[in-house]
Ligand SMILES: Nc1ncnc2c1ncn2[C@@H]1O[C@H](COP(=O)(O)OP(=O)(O)OP(=O)(O)O)[C@@H](O)[C@H]1O
Ligand SMILES: [Mg+2]
């Protein structure tokens, strides 16, 4: 291994990569787009839905109490609509988007005071089941509170809900390590499969075989380049998650081993896939067969714990699973023991695949 | 001077086809050796075996005293190669390519000097995939020279080049020879071989059919020199009557075969005596190209008639 040769090949790789543009898009721009896209889709879903309220029972003590109880649930955001009749309110809601509404008919206060059974009207949109469920739950809780108060009863059973780990994680917190894993996999795999098979077809490897550059040096330069790209793209994704989507992640140096071993593994795997194939076309097919299941089933977009048990067992066979699991252990749970275990698995797989790639990869035909 | 390249009984089979069928030759240090032959004759196969890019099926090969297949790493520091179809990384500039090769060989070549040498300075900073075919070929030659090679292997270096570019490459080859380097060249341009080569070998269906200095090959296998007159049947008639030489007439051109150069005097004397006017004449001499076409054609005919090759 000669540092000057590796450096020269790294420089050449970088120049070709930056000038061709497409690779740079997939390794740096695409992950940022993914973060932005998924972040936007799932961050709006986490704020409580708006509940439009038309109060026809003007300022009765009971209606005030009901609204206070509703607000207290925190599950809906109450917005008043003035001067609506029952028919007018329904039409009004129809003109709003994704709307749910509550109509408090007049006479509610009197009925409550007299203890006469009385119905409130909740309007929901069947297209938005989540918002409807939230509103129903909130209304039921508020009505329950009023009923108990009317009976002058004291609640005896309560429940306190806690989030595991003391912090509540939102989707974006899982998304950042998942998408870092996604780009650790895809950017070297797709590029290396293509490069390995097309360079062979064009005779570029035979030409390199006429120079003192060795296969291990060549592969090392590629690994260094994709590690560099991974570090930049991970920094971009973490920064985006932090700045725009309020991700809560622990950023420590323990992330780095994953950002180095990941590209090491997938550059080697891409070269192995490209080497065993006879043509660039079959190389692309082999590459896709390896890449696509891993892309979706390793916890990139959906947590593996949400899979069915057989699918979970399958996920445990995928090297990327251990990278994402390790990144989550470091960035979310601060679970060093688990991270070290994941790292050991990744390191062993990476070394085995690197050696296999060096053996399978030939400069010249025999 | 010792031999830069030595080949004994070299055989290369691809499955059942024998691409190279027991060839022998050697190239002394400092000579230009041109390897000629029709398409598919086995030139590239032989060249790549010498470069250490392909294993051989049988025979002995030494390049600078080394076995190219098993001692490639040592050999490659001392030779320069242009493959028949030279490709490089699409987005890389010629200047960068030379710096890259320099770094791989642990040298610091001057890209400008090398690019000037192959007439490519104007494209020093253009992406490889924007270069024309001839410009790519020139970069290939420049890269083959980066490591100051003792032997240059050039597989069809001038194919597809314009006449000026071809002459530029010829100059480079002549300069390499003047510097004492050995050049192993394949080409389809016979005048190129005739001009540049100390030795040529013509290979046909994997066998060398003739081998030696170009002038000696022409002398041995070419037809006698001919006097060619612009003129009609009366010149032919006079010469047939007055001289014992073989005369042929075709399209107002009369050819007289000269057994020895002095026969020319008899021809002019006969015309003078007969008082036949003649205007223009020239001497026709076979070139390597004519010899090549005839030898290869005769081999093909022989093969068609089922005769054994000579
Ligand atoms: N990799 C290969 N596999 C099978 N046959 C091959 C292979 N390479 C060359 N051949 C065959 O070997 C013979 C010699 O090919 P070679 O490339 O050496 O010819 P060449 O003299 O360089 O021809 P050209 O002037 O067209 O470049 C041809 O019949 C060719 O089909
Ligand atoms: Mg050839």
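A short reminder: the numbers here are calculations on the coordinates, not readings from a lab. Not measured: the values here are computed from a predicted model. Heads up, the Cβs are rebuilt from the backbone with ideal geometry, glycines too, and the neighbour counts pull from every protein chain shown.
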What residue among B:108, B:166, B:207 has the largest mean-square fluctuation in a Gaussian network model of chain B, using Cα springs under 10 Å?
B:108
Alpha carbon centroid spacing (whole Å) that separates segment B:50-101 from segment A:263-287
25 Å
Under a point spin-label approximation (7 Å from Cα along Cα-to-Cβ), what is the residue A:129-residue A:156 distance to one decimal in nm?
3.6 nm
Given the C-alpha centroids of segment A:296-338 and segment A:207-243, what is the distance between them in whole angstrom?
24 Å
Could you tell me which of rounded, prolate or oblate describes segment B:5-163, using a ≥ b ≥ c as the square roots of the eigenvalues of the alpha-carbon gyration tensor, with rounded for a/c under 1.5 and, failing that, prolate when a/b is larger than b/c and oblate otherwise?
prolate
Checked chain A against the a/c 1.5 cut and the a/b vs b/c comparison, axes a ≥ b ≥ c from its Cα gyration tensor; verdict prolate
Can you give the log10 of the normalised intensity I(q)/I(0) at q = 0.06, 0.09 Å⁻¹, computed with Debye over equal Cα scatterers of the protein assembly as shown?
-0.59, -0.91
Roughly how far apart, in whole Å, are the Cα centres of segment B:1-40 and segment B:163-227?
15 Å
With springs connecting C-alpha atoms under 10 Å apart, model chain A as a Gaussian network and identify which of A:275, A:170, A:305 has the largest mean-square fluctuation.
A:305
To the nearest 10 degrees, how steeply does helix A:30-44 sit against the main Cα axis of chain A, on a 0 to 90 scale?
10 degrees
In nanometres, the difference between 0.36 nm per residue of separation and the alpha-carbon distance of residue A:33 and residue A:64 is 6.6 nm
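Please arrange B:293, B:267 by counting, for each residue, the other beta carbons lying within 10 Å of its beta carbon, fewest first. Kindly include the intermediate steps, with their values, before the conclusion.
Details: B:293 14, B:267 23.
Ordered from fewest to most neighbouring Cβ atoms within 10 Å, B:293, B:267 come out as B:293, B:267.
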Which of the peptides B:146-159, A:339-352, B:9-22 is most tightly packed, and how do the rest follow, going by the mean number of other Cβ atoms within 10 Å of each residue?
B:146-159, A:339-352, B:9-22
Provide a whole-number value for the mean count of partner chain Cβ atoms within 10 Å of the Cβ atoms in peptide A:3-11.
3
With angles folded into 0 to 90 degrees, how steeply does helix A:319-328 sit against the dominant principal axis of chain A? Use alpha carbons for both and round to 10.
50 degrees
Please check which bits of segment B:49-66 a label hung off residue B:13 would reach, taking the label as a point 7 Å along Cα-to-C-beta and the cut-off as backbone N under 17 Å.
B:55-60
Quickly work out the residue B:90-to-residue A:40 label distance, labels modelled 7 Å from Cα along the C-beta direction, and quote it in nm with one decimal.
3.0 nm
Could you give the nm distance between label points at residue B:265 and residue A:95, where each point is 7 Å from its Cα heading toward the beta carbon?
12.4 nm
Using alpha carbons only, how many degrees (0 to 90, rounded to 10) separate the axis of helix A:336-360 from the longest principal axis of chain A?
40 degrees
Exposure proxy check on A:140, B:51: fewest-to-most Cβ neighbours within 10 Å is A:140, B:51
Averaged over the residues of B:95-101, the number of partner chain Cβ atoms within 10 Å of each residue's own Cβ comes to 3
What's the exposure ranking of A:183, B:26, going from fewest to most Cβ atoms within 10 Å?
B:26, A:183
Output field shielding_mean for A:359-365 (other chain Cβ, 10 Å radius) holds 2
Does segment A:50-164 come out rounded, prolate or oblate by the C-alpha gyration tensor, with a ≥ b ≥ c the root eigenvalues, rounded set by a/c under 1.5 and, if not, prolate when a/b is larger than b/c and oblate if not?
oblate
